[in-house]
């Protein structure tokens, strides 16, 4: 069957229509950030002045960071488990890792707003607050910036090597590249588990430096991987509608992606509920105030509907087997999940810096998120032009093409 792979299905060229849509999305993001910076200023910042544009950019940047690193995790898991069903999908996630340098650029921009975002970045606050001062060995600006930059560089290096070895195998068909990537995957997963947890602490939990949750790392990962899986379904949809892949990615492969989307809907709900339940049950003031911030000041409605838009609705939509095998339907659920993740990140970030809910803040955040998603997608699509859409030299390709269930 390998000989039947047609070049027109695996040699991708980004169409002008898709490119223009993505450039338009980037423009929306830039305009939204500018409006947030100069027009829609909150007057109820919790800690002095805080421009909402920085919070919106943090949401948009963390959204695509989660998707990019989820792609790296998907690639690593595929290699380390010897997965055959995911071979024809893996070239997409390999390119996710190559988009991480764009996240680094956005993160450098965010560093200019560090004093608007993070209370602990102000020396006078550190001196006046005993608890923040106690944490200053970890929460200080140079160390904070340094470790985030190092993590992003290392993640980028992993992504580059995964892709380079896979593409090289397209030419020489040497199985040693697969073996190398499997070994590299073990190192990546260990590094990823530690570094992504620390990054979730740094960029999200330290927005409220007095609060802590030992479940925070896995909670943030659950949402990020759920969104990453949704993005894979959406990428498959765009590629197939553009005339690529054909039966190289068939209903059985799509079904597996759908099953993972369903499973991580449940996993996110389990972790989110467990974190809330343990804090509610213990009823310790140093823990409960984080949720109190999100149940007052106009945030209550969003806190109530979040489990429905993030779990209940996609869960019910994905329960049906035919729905998980229909890429047209799955793509719509994927868009819903991505938007829900942006809203959840908004719910995490904004109440940490602003007392009351603002519709303009939500709209600005969604606009900036549209821009970062457009930037990420443009880089991934351009990356897909540089090699075959599937790893034609992978030793498990034949099994993948015959995958059925």
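Looking across 26, 30, 21, one residue alone is under 21 Å from the mean Cα position of the chain (by Cα), modelled with pLDDT of 90 or more, assigned to a helix (DSSP H, G or I) and closer than 20 Å to residue 239 by Cβ. It is 21. Tallying residues that are within 14 Å of residue 65 (Cα to Cα) and surrounded by 15 or more Cβ atoms within 10 Å (Cβ to Cβ) within the stretch 136-156 yields 6. Within the option set 316, 362, 345, being out of contact with any helix residue (DSSP H, G or I) (no Cβ under 9 Å at 6 or more places or on another chain) and either over 20 Å from residue 94 (Cα atoms) or not in a loop (DSSP other than H, G, I, E, B) (or both) holds for one residue only, 316.
In the stretch 110-120, the qualifying residues are those that are touching a helix residue (DSSP H, G or I) at 6+ places or on another chain (Cβ under 7 Å) and surrounded by fewer than 24 Cβ atoms within 10 Å (Cβ to Cβ), and the one that is nearest to residue 383 (Cα to Cα) is 110. Can you pull out the residues in the stretch 243-268 that are touching a helix residue (DSSP H, G or I) at 6+ places or on another chain (Cβ under 7 Å) and outside any helix (DSSP H, G or I)? Matches in the stretch 243-268: 244, 245, 249. Right, residue 61: modelled with pLDDT under 95 and either closer than 21 Å to residue 108 by Cα or surrounded by fewer than 17 Cβ atoms within 10 Å (Cβ to Cβ) (or both) or not? Here the answer is no, as residue 61 does not meet what is asked.
Which of the residues belonging to the stretch 370-388 are outside any helix (DSSP H, G or I) and buried (at least 20 other Cβ atoms within 10 Å of the Cβ)? The one that is outside any helix (DSSP H, G or I) and buried (at least 20 other Cβ atoms within 10 Å of the Cβ): 387. Just a yes or no: is a residue in the stretch 180-189 assigned to a helix (DSSP H, G or I), under 30 Å from residue 397 (Cβ atoms), free of Cβ contacts under 8 Å to residues at least 60 places away in the same chain and more than 24 Å from the chain's Cα centre (by Cα)? Checking the stretch 180-189: at least one residue is assigned to a helix (DSSP H, G or I), under 30 Å from residue 397 (Cβ atoms), free of Cβ contacts under 8 Å to residues at least 60 places away in the same chain and more than 24 Å from the chain's Cα centre (by Cα).
Residue count for the stretch 197-210 under the criterion of being surrounded by fewer than 18 Cβ atoms within 10 Å (Cβ to Cβ) and within 28 Å of residue 259 (Cβ to Cβ): the result is 1. Any residue at all in the stretch 272-294 that is surrounded by 14 or more Cβ atoms within 10 Å (Cβ to Cβ), outside any helix (DSSP H, G or I) and in contact (Cβ under 8 Å) with a residue 24 or more places away in the chain? Yes, because at least one residue in the stretch 272-294 is surrounded by 14 or more Cβ atoms within 10 Å (Cβ to Cβ), outside any helix (DSSP H, G or I) and in contact (Cβ under 8 Å) with a residue 24 or more places away in the chain. Taken over the stretch 131-149, the residue count meeting the criterion of being in a helix (DSSP H, G or I), free of Cβ contacts under 8 Å to residues at least 24 places away in the same chain and either in contact with a strand residue (DSSP E or B) (Cβ under 9 Å, 6 or more places away or on another chain) or within 19 Å of residue 205 (Cβ to Cβ) (or both) is 4. Taken over the stretch 211-222, the criterion of being surrounded by 15 or more Cβ atoms within 10 Å (Cβ to Cβ) and more than 19 Å from residue 147 (Cβ to Cβ) is satisfied by 211, 213, 215, 218, 219, 222.
For residue 194, the stated conditions do not hold, so it cannot be described as modelled with pLDDT of 95 or more and buried (at least 18 other Cβ atoms within 10 Å of the Cβ). Of the residues that sit in the stretch 1-18 and are over 30 Å from residue 367 (Cα atoms) and surrounded by 15 or more Cβ atoms within 10 Å (Cβ to Cβ), which one is modelled with the lowest pLDDT? Across the stretch 1-18, the extreme among qualifying residues is 5.
The values are calculated or read from the model by the stated rules, or taken from the named source; none is laboratory data. Here the structure is a predicted model, which is why all the values come from computation and not from measurement. No Cβ is skipped: glycine too gets one built from the backbone with ideal geometry, and neighbour counts run over all protein chains shown.
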